[in-house]
Amino acid sequence: MSDAALLAHPARLRAANLARTLVCLGLLGVVVALLTLVFGRAGERIAVQMCVNVAAVVALGVFCGNTGTVSFGHGAFMAIGAYLSGILTMPASVQRSALPALPGFLAGHELSLWMALPVVALAGLVFAALSGAAIARLVGASAAIASLGLLIITHGVAVGAREITRGSQTFFGVPRVVDLPLAFGAAVAFIIVARAYRESAMGLFSRAARDDADAAAALGINPRRTRFVGWCLSGALCAVAGALYGHMLGAFSPASFYLSLVFAHIAMMIVGGMASVGGAVAGVIGVTLLQDGVRQFEGGGDLLGFALPAVFGLTTVALGLAILLVIWLRPMGLVGSFELGPGAGARIFDRITARTVPAASPPPVPDAILVAEGLSKSFAGVKAVVDMSFEAPTGRVTGLIGPNGAGKSTLVNLITRQYAADAGRTLLSGRDLGKISREAVARAGISRSFQNLRLFRGLTVYENVLVAALAAGHRGRDAAAVTLRELDAFDLGALAATRAEALPYGARKRLEVARSLVQDPAILLLDEPAAGMNPAETDDLADRLIRIRDTRGIGILLIDHDLRFVNRLSNWTVVMNRGTLIAQGRPEDVRADPAVIEAYIGRGRTAAAVAATEEETTPRQGVRQ
Ligand code: ADP
Ligand code: MG
């Protein structure tokens, strides 16, 4: 029976998410209030700048935090926002003298900031969609370098387009309308948008793909699409932040949005913690206070009675040291990769009683059959899989056994299209899986687990399963209910709020199976789900899988080393050796097959010897056959 904490978990998660947003807002609010109360006008100026920077860094984090890729390109979006908004809002008289050659369609609009911002956001979005079409295809360092290229190109264009930007000269006449209420309001709005995106289905998909792109794709999530959406939203927000920055300064040049600004923002993001919105906010606050504090002493001064010499570039040195210190002591940033604020397991949510009832066991899946025909795959001369053909229908557990290196995992990777087959094809009820995308294979009804655990480390147990449910098309309460169903079925309810990376090994293995089952697949491919488990855990997993086979009719292709485990579950056994099929049939027949015996223990041994070997390698009592 499920415990109350599990049933209330979806409500607790919602409450935790709201609380985390409020913590971000509260933190900023307190710092802004203190600055203005303690330091008066000077403090207010710092607070305005801090709030605009919060907006910019939070916007940057929408892409970087959720995809795990650092971007230098957001300076380009900020420049576009600042120049466009400046042109649209500038008094016509100033514009005529400052920008005499401005193209007609841009001239003389004299919009208010509120009218200009939607145009700016749209321009940012369009520019993001165009550049994202290329950049979202890249990951890691190549994506970061491409974004740097975007920044350099945009800077070059801004310097060159003199009619519009006055080139490298100062662009002036931009109404300085950003006061503290506006800046703070913008920061609040940006934090809310970024938090909402992070916890939305697309945000979860993005963080899942960030943690493990292959595992995400195996659930039907398109990693490239998550990066594209994040890039577009981040770009539109950065353009708006750039407009606010421009209206704060009143006069700027292309250099204002170039490397020094971009590096400052990235430093803030990394110091605070790139993976969370709270990290962005904390980073901006920390770095701003540090910089403004140190700046007092840049021209020399008096600290506690000591006369300090003037040090040119002291703030930059301090910032560099702060970054080094943080990277050394807290590689994930001040906040770490989890949001500031309470987790969904926190005590303060104990009174939340809203219940989501776990979904009932779904009706048996419709009959389907997975057919592999002549699959082959070589890796630089190593023939991993050679002309493999077999069938795995629903309602049956098909055991796939074979010695280490026989090609079992490669076969699974061919079926799920993680690898492209050199020859052969895979059909699911007649549909050729080679003709659809890797993500579509999951949606067609094939789920898998991985031999080497491939969980989404940064997500909680609950979110690991929830993201798979969302990817399968469940939404809202329904997604929560099916998630609870699988957590319950694999005894993971008490761990719902735990992060996957903190789980004990056995629970991680169960979580992978739960994650693939929540998608309600027709065929489930389990690659050594019991590897590394102790005998009691293995038996427990077998019981749970038998229940699923018998009630839900899912076809399971079960790979494992532990022959007792496989034999206990499977109604049909397929044996591979050196990439080829060497036997298949009912488990008891296969075990007596000389070719199988030879593959496992060498020539000249008997079936009795096989049984004895099994007993030795997996000494367990009371195993049903
Ligand atoms: P099994 O899962 O049965 O233990 P695998 O499918 O992992 O076997 O491996 C079969 C063969 O293919 C092995 O010789 C292995 O070294 C090779 N192989 C598997 N994956 C790769 C890869 N990505 N690159 C190169 N060789 C691989
Ligand atoms: Mg393997």
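The values are calculated or read from the model by the stated rules, or taken from the named source; none is laboratory data. These numbers come from a predicted model, not from an experiment. A quick note on method: Cβ atoms are made from the backbone with ideal geometry, for glycine too, and the neighbour counts reach across all protein chains shown. What goes into the accessible areas is simple: the full protein's heavy atoms, side chains included, and nothing from ligands, DNA or RNA. Shrake-Rupley method; radii C 1.70, N 1.55, O 1.52, S 1.80 Å.
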Rounded to the angstrom and largest first, Cα extents along the principal axes for the range 375-442 equal 31, 26, 18
Per the helix-only model, the chain has a calculated mean residue ellipticity at 222 nm (DSSP H runs of ≥4, -39500 (n - 2.57) each, divided over all residues, rounded to the nearest 500) of -18000 deg cm²/dmol
Rounded to one decimal in nm, the spacing of the 7 Å Cα→Cβ label points at L304 and A494 is 5.0 nm
Against the 2.2 N^0.38 Å rule of thumb, the C-alpha Rg of the range 358-497 sits at a ratio of 1.19
Rounded to the nearest whole number, the Stokes-Einstein translational diffusion coefficient of the range 421-507 at 20 °C and 1.002 mPa s (Kirkwood radius, C-alpha pairs) in µm²/s is 145 µm²/s
Rounded to 0.05, the calculated FRET efficiency for the beta carbons of R176 and L37 at R₀ = 35 Å is 0.90
Reported to the nearest 10 Å², F172 has, with a 1.4 Å probe, an accessible area equal to 80 Å²
Check: C-alpha center the range 544-596 vs C-alpha center the range 117-189, spacing in Å is 58 Å
Note to self: with every protein chain in place and a 1.4 Å probe, the range 110-245 gives an accessible area per residue in Å² of 40 Å²
Normalised per residue, the volume inside the convex hull of the alpha-carbon atoms of the range 247-332 in Å³ amounts to 131 Å³
Of the residues N404, V317, P393, the Cα lying farthest along the dipole of the chain towards its positive end, which is defined by charges on the beta carbon of Lys, Arg, Asp and Glu, belongs to V317
Computed about the Cα centre, the charge dipole of the chain from +1 Lys/Arg and -1 Asp/Glu charges at the Cβ has a magnitude in debye, to the nearest 20, of 740 debye
Mean separation of Cα contacts under 8 Å (at least 6 apart) over the residue count of the range 400-497, i.e. the relative contact order in percent, is 18 percent
To the nearest 0.05, the calculated FRET efficiency linking H109 and T580 through their beta-carbon distance, R0 being 51 Å, is 0.10
At 20 °C in a medium of viscosity 1.002 mPa s, the range 140-294 has a Stokes-Einstein diffusion coefficient, with Rh taken as the Kirkwood radius over alpha carbon pairs, in µm² per second, of 122 µm²/s
Expressed as a whole-number percentage, the relative contact order of the range 74-199 with C-alpha contacts under 8 angstrom and at least six residues apart is 32 percent
Helix 259-272 sits off the longest principal axis of the Cα atoms of the chain, rounded to the nearest 10 on a 0 to 90 degree scale, by 50 degrees
Binned at 5 Å starting from 0, the alpha-carbon pair-distance distribution of the range 369-585 in whole percents comes out as 1, 7, 16, 20, 20, 17, 11, 6, 2, 0, 0
One point scatterer per Cα, no solvent, Debye formula: log10 I(q)/I(0) for the range 302-434 at q = 0.12, 0.21 Å⁻¹ comes out as -0.79, -1.23
Sorted largest first, the C-alpha extents of the range 119-169 along its principal axes in whole angstrom are 36, 24, 11
Using alpha carbon positions and the Kirkwood radius, the Rg to Rh ratio of the range 85-135 is 1.10
In debye to the nearest 20, the charge dipole size for the range 549-593, taken about the Cα centre with +1 at each Lys and Arg Cβ and -1 at each Asp and Glu Cβ, equals 100 debye
Here the gain from full extension of R162 to A380, 0.36 nm per residue of separation minus their alpha-carbon distance, amounts to 73.0 nm
Of all lysine pairs in the chain that are eight or more residues apart or on different chains, those with Cα atoms under 21 Å apart total 4
Fraction of alpha-carbon pairs in the range 1-157 farther than 23 Å apart, rounded to whole percent, equals 60 percent
Dividing the mean separation of Cα pairs under 8 Å (6+ apart) by the residue count of the range 369-585 yields a relative contact order in percent of 32 percent
Here, D543 and L138, labelled 7 Å along Cα→Cβ, have an inter-label distance in nm of 5.3 nm
Placing +1 on each Lys and Arg Cβ and -1 on each Asp and Glu Cβ in the range 369-585, then taking the dipole about the Cα centre, the residue among G424, P535, V371 whose Cα reaches farthest towards the positive end is G424
Fraction of alpha-carbon pairs in the chain farther than 36 Å apart, rounded to whole percent, equals 48 percent
To the nearest 10 degrees, the tilt of helix 74-89 (Cα long axis) against the first principal axis of the alpha carbons of the chain is 40 degrees
